[in-house]
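The values are calculated or read from the model by the stated rules, or taken from the named source; none is laboratory data. Nothing here was measured: the structure is a model prediction, and the numbers come from that model. Because the Cβ atoms are built from the backbone with ideal geometry, glycine has one as well, and the counts that use them run over all protein chains shown. We work out accessible area using only protein heavy atoms, side chains counted, and drop any ligands, DNA or RNA first. Shrake-Rupley method; radii C 1.70, N 1.55, O 1.52, S 1.80 Å.
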Amino acid sequence: MRDINFLVEQATKIRKDIVQMICKAKSGHPGGSLSAADIVTALYFSE
């Protein structure tokens, strides 16, 4: 299992990427994507 600080950093990077992509597209619904960042991070980096 990864260190919790590593997972927090990765989730933060994912959130920043989500916001940048939505801004660049000038469209989107950030709520669902941002709320899923922790789940995606845990599944991808920890499992």
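Farthest toward the positive end of the dipole of the chain, out of 21, 4, 40, is the Cα of 21, where the dipole comes from beta carbon charges about the Cα centre. Accessible area per residue for the chain is 81 Å², calculated with a 1.4 Å probe on protein heavy atoms, without ligands, DNA or RNA. When the helices of the chain are scored as -39500 (n - 2.57) per DSSP H run of n ≥ 4 and the total is divided over every residue, the value at 222 nm lands at -25500 deg cm²/dmol.
Per 0.36 nm of contour for each residue apart, how much would the distance between residue 12 and residue 39 grow if the chain were fully extended, relative to their Cα-Cα spacing?
Length gained, residue 12 through residue 39: 8.5 nm.
The magnitude of the dipole of the chain, with charges of +1 and -1 set on the Cβ of Lys/Arg and Asp/Glu and taken from the Cα centre, is near 300 debye. Only protein atoms count toward the accessible area here, which uses a 1.4 Å probe; on the chain, the carbon and sulfur part of that area reaches 61 percent. If one computes P(r) from the Cα atoms of the chain, what percent of pairs lie at distances over 12 Å? Within the chain, distances greater than 12 Å cover 59 percent of Cα pairs.
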